[in-house]
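Okay, so here's the structure we're looking at.
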Amino acid sequence: MTAVINATHLSRTFPGNPPIHALRDATLRVEPGEKLAIYGPSGAGKSTLLNLLGLLDAPTSGSYTVLGEETASMPARTKDHLRSQAIGFVFQQFHILGHRTTRENIDLKLSIARTPTTTRTRLIDEALDKVGLTHRTHSHARNLSGGEKQRLAIARAIVNKPQIVLADEPTGNLDARNTDLILTLLDDFSAAGIAIVVITHSDRTAAWSHRNVYIDDGVLTNTPPRS
Ligand code: ADP
Ligand code: MG
């Protein structure tokens, strides 16, 4: 099986005096449908890694293939296209526009991905149905509860059927009940073959995943430290 994510010896150094080695020689493979949790202390390099995996940033060295395509020498436009087609993002702070409706928030994403207008309505309806927000289609996003906002962000992440969902502490602002709702949704996507990579501080999410990797001081390992 082809890995959806195949990162080999990835490093990211931020220039400065001294330079910051945010990620050091990280190697990571993620298969279709796999649920991977990344955890580690604050400042460890988790978001740096997720930004590289999401093609939002480029490594200082190392190789990164998405769906079998090497991204190192990929032109920016090709990379943008790959990102908008293959990858959905979910963040702790939801990143949705409060003064826009639920439907408009998702439509914006499809517009960026240049999805034909004719198919947008159907895709948005399907996504809202999957996350249980059909009854909120025309609500302003600012009027949604925290759990509903995150479900909207998830609908937006999966609306154009990506192969990968990357989530940076997606349940960090939610209570236990809403955390479980979000994890159940992510389970459905995993069962449909979407690879899910989640950064988390929560034991609940770590227990939910198929596999955990630990990161500290930019170093990725499969073994957590003894506490
Ligand atoms: P985490 O998400 O695990 O809390 P980050 O990946 O955000 O950690 O940060 C890892 C290290 O890289 C930190 O020391 C942080 O200050 C540094 N860092 C992150 N982004 C930048 C940047 N754009 N410029 C300089 N340093 C950065
Ligand atoms: Mg972070």
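The values are calculated or read from the model by the stated rules, or taken from the named source; none is laboratory data. The structure presented is a predicted model; accordingly, all values stated were derived computationally and were not measured. Cβ: placed from backbone, ideal geometry, glycine included. Neighbour counts: every protein chain shown. Side chains included, ligands, DNA and RNA excluded: accessible areas come from the protein's heavy atoms. Shrake-Rupley method; radii C 1.70, N 1.55, O 1.52, S 1.80 Å.
Please work out whether the range 73-186 counts as rounded, prolate or oblate from its C-alpha gyration tensor, where a ≥ b ≥ c are the square roots of the eigenvalues and a/c under 1.5 means rounded, while otherwise a/b larger than b/c means prolate and anything else oblate?
oblate
Using just the helices of the chain, give the 222 nm mean residue ellipticity in deg cm²/dmol: DSSP H runs with n ≥ 4 each add -39,500 (n - 2.57), and the total is spread over all residues, rounded to 500.
-10500 deg cm²/dmol
Please give the peptides 158-167, 22-31 ranked by average Cβ packing (other Cβ atoms within 10 Å per residue), highest first, as a rough proxy for protection.
Peptide ranking by packing, descending: 158-167, 22-31.
What distance in nm separates the two pseudo spin-label positions at Leu108 and Glu69, each 7 Å out from Cα along the beta-carbon direction?
2.5 nm
Within the chain, what percent of beta bridges assigned by DSSP are antiparallel, to the nearest 5?
If we restrict to bridges inside the chain, about 50 percent are antiparallel.
What does the highest-first list of 55-64, 131-140, 73-82, 193-202 look like by mean Cβ count within 10 Å?
Peptide ranking by packing, descending: 193-202, 55-64, 131-140, 73-82.
Excluding ligands, DNA and RNA, what is the solvent-accessible area per residue of the chain at a probe of 1.4 Å, expressed in Å²?
48 Å²
Grab the Cα-Cα distance for Thr134 and Thr119, subtract it from 0.36 nm times how many residues apart they are, and report the gain in nm with one decimal.
Contour length minus the Cα-Cα distance gives 3.7 nm.
Between rounded, prolate and oblate, where does the range 38-124 land on the alpha carbon gyration tensor, with a ≥ b ≥ c its root eigenvalues, rounded for a/c under 1.5, else prolate if a/b exceeds b/c?
Because a/c hits 1.5 or more and a/b fails to exceed b/c, the range 38-124 counts as oblate.
Take the alpha carbon atoms of the range 131-178, find their center, do the same for the range 187-202, and report the distance between the two centers in whole angstrom.
Centre-to-centre distance over Cα atoms comes out at 14 Å.
For Lys109, give me every one of the lysines with a C-alpha distance below 22 angstrom, ignoring sequence neighbours fewer than eight places off in its own chain.
Within reach: Lys79, Lys130, Lys149, Lys161.
What is the helix-to-structure angle for 117-130, meaning the angle in degrees between its Cα long axis and the longest Cα principal axis of the chain, kept from 0 to 90 and rounded to the nearest 10?
Roughly 80 degrees between the two axes.
Quantify, in whole percent, the carbon and sulfur part of the accessible surface of the chain (1.4 Å probe; protein heavy atoms only).
Accessible surface attributable to carbon and sulfur in the chain totals 51 percent.
Could you run the Debye sum over the Cα atoms of the chain, one equal point scatterer each and no solvent, and tell me log10 of I(q)/I(0) at q = 0.17, 0.18 Å⁻¹, two decimals?
Per q value, in the given order, log10 I(q)/I(0) is -1.25, -1.37.
Across bins of 5 angstrom width beginning at 0, how are the C-alpha pair distances of the range 1-84 distributed, in whole percent?
3, 13, 25, 25, 19, 10, 3, 1, 0
How far apart, in nm, are two points set 7 Å out from the Cα along the Cα-to-Cβ line at Arg204 and at Thr13?
Placing both labels 7 Å along Cα→Cβ, they lie 4.1 nm apart.
Report ³J(HN,Hα) in whole Hz for each residue of the range 172-184, in order, from the Karplus equation J = 6.51 cos²θ - 1.76 cosθ + 1.60 where θ = phi - 60°; Gly and Pro get x.
x, 9, 10, 7, 4, 5, 6, 4, 5, 4, 5, 5, 5
Using only the alpha-carbon atoms, how far is helix 102-112 inclined from the longest principal axis of the chain? Give it as 0 to 90 degrees, nearest 10.
Approximately 50 degrees, to the nearest 10.
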